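Presented below is the structure to which this report refers.
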Amino acid sequence: MIIGVPKEIKNNENRVALTPAGVTELRKHGHTVYVQAEAGKGSGFTDEQYTHAGASILPTIEEVYGIAEMIIKVKEPIASEYPLIKENQLLFTYFHFASSEPLTHEMIERKAVCLAYETVEKTDRSLPLLVPMSEVAGRMAIQEGAKYLEKPMGGFGILLGGVAGVKPANVLVLGGGIVGTQSAKMAAGLGANVTIMDISLARLRYLEDIMPANVDTVMSNEYNIRELIQGANLIIGGVLIPGAKAPSLITRDMLKLMKPGTVMVDVAIDQGGCFETSKATTHEDPIYEVDGVVHYCVANMPGAVPYTSTLALTNATLPYAIQLANQGWKQACSTNEELRKGLNVVHGKVVFKGVAEAWHLPYTDVKELF
Ligand SMILES: NC(=O)c1ccc[n+]([C@@H]2O[C@H](COP(=O)([O-])OP(=O)(O)OC[C@H]3O[C@@H](n4cnc5c(N)ncnc54)[C@H](O)[C@@H]3O)[C@@H](O)[C@H]2O)c1
């Protein structure tokens, strides 16, 4: 198959959908890979590395879309890319159709095959192409939190791990899923006192077993949250109710219970945030203060560490990309249910129920495609 890797052109997107290592793997399976010039630059990969791995470099995005049977990307196509997409072309990328009506209509019109990273789903209902970004964001939340706890950055002025004779900081993690687990591990590793809260007793039981001694688990409810925020220096919001807006677990009135200079990192901001006072921020202007509490609410945290994020994402996407290239989308999706769940818009038909419902469009059962 002929595979094309365009350079991401969405504002501040430095990731790339395929690494030189990925090129080598696809080449081993007999495929041809075209990479747009400087596509890997933001993630630290040079054109020479891609060429050395067996790719051909094309100077323009038009040439990449023009030649490829399968386009592998990171972000959804933006308006300037729409006219480049051809009928029958397979697009394997994040789409988030339910949040963009124009994108959905355009992809229907283009009659392309849109396989969305975010809806590829394993039989245990986990989302293998979203997990890596939660891992990055969860770990980064502690790094950012530690930075904004420094006095000159607006924080209380406490070192997460303390030193001999001085107590470490208290870190409270709301939600013990992927984000919460990674945050807790990082904070514990730095020597902080960590508490993880979740509503799932089974999850708390698991975390209690695997976490080090400086991590406690506590059932998440309003009473316990009110009590624990009073002693917390850093609070991480990592709750998720799939398909719904995150619940406001910390309300505005609770802020006055906290110490001035407490830092709250709301990782769940992409689902509306789990603190009432959260509003999305950017890497250029990541924090603001409400009632003396520092809020960090960057909606695309992994974007700040494109090298790590690219490798984490491509480690997860490459096996699927190889299957798609080896078998073609139709055969690969008919035999692999995980990939089939990724199909959203195919040849002008919406085959993902949530997208059809979001924009009141006719829905076609994906099984009718095979
Ligand atoms: N800001 C970013 O850059 C960024 C990056 C990656 C992920 N995220 C977001 O982070 C959030 C968490 O993702 P995840 O992969 O860890 O999800 P996850 O499903 O693995 O974990 C969510 C956890 O929240 C728990 N939960 C639900 N309601 C709760 C409550 N009331 N109190 C305490 N816990 C509760 C669930 O039981 C679950 O364990 C998502 O909204 C995700 O989109 C943001």
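The values are calculated or read from the model by the stated rules, or taken from the named source; none is laboratory data. Since we're looking at a predicted model, the values are computed, not measured. Here Cβ is always computed from backbone atoms with ideal geometry, including for glycine, and neighbour counts include all displayed protein chains.
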Selected residue (criterion: nearest to the ligand (Cβ to nearest atom)) from residues of segment 166-195 that are buried (at least 23 other Cβ atoms within 10 Å of the Cβ) and in a loop (DSSP other than H, G, I, E, B): 175
Top-ranked residue of segment 226-246 - restricted to ones that are of a type in the set (Val, Ile, Thr) and in a loop (DSSP other than H, G, I, E, B), ranked as surrounded by the fewest Cβ atoms within 10 Å (Cβ to Cβ): 241
The listed residue being within 9 Å of the ligand (Cβ to nearest atom) and modelled with pLDDT of 95 or more, out of 209, 198: 198
Some residue of segment 280-301 being in a loop (DSSP other than H, G, I, E, B), touching a strand residue (DSSP E or B) at 6+ places or on another chain (Cβ under 6 Å) and at positive phi: no
For residue 326: the one exception among (1) more than 19 Å from the chain's Cα centre (by Cα); (2) crowded, with 21+ Cβ neighbours inside 10 Å; (3) more than 18 Å from residue 110 (Cα to Cα): (2)
Output for segment 208-225, where each listed residue is farther than 17 Å from residue 237 by Cβ and part of a helix (DSSP H, G or I): 208, 209, 210, 223
Residue, nearest to the ligand (Cβ to nearest atom), within segment 247-278, restricted to residues that are in contact with a Ser or Thr (Cβ under 9 Å, 6 or more places away or on another chain), at negative phi and assigned to a loop (DSSP other than H, G, I, E, B): 249
Those residues of segment 212-221 which are near the ligand (Cβ under 10 Å from one of its atoms) and in contact (Cβ under 8 Å) with a residue 24 or more places away in the chain, in sequence order: 220
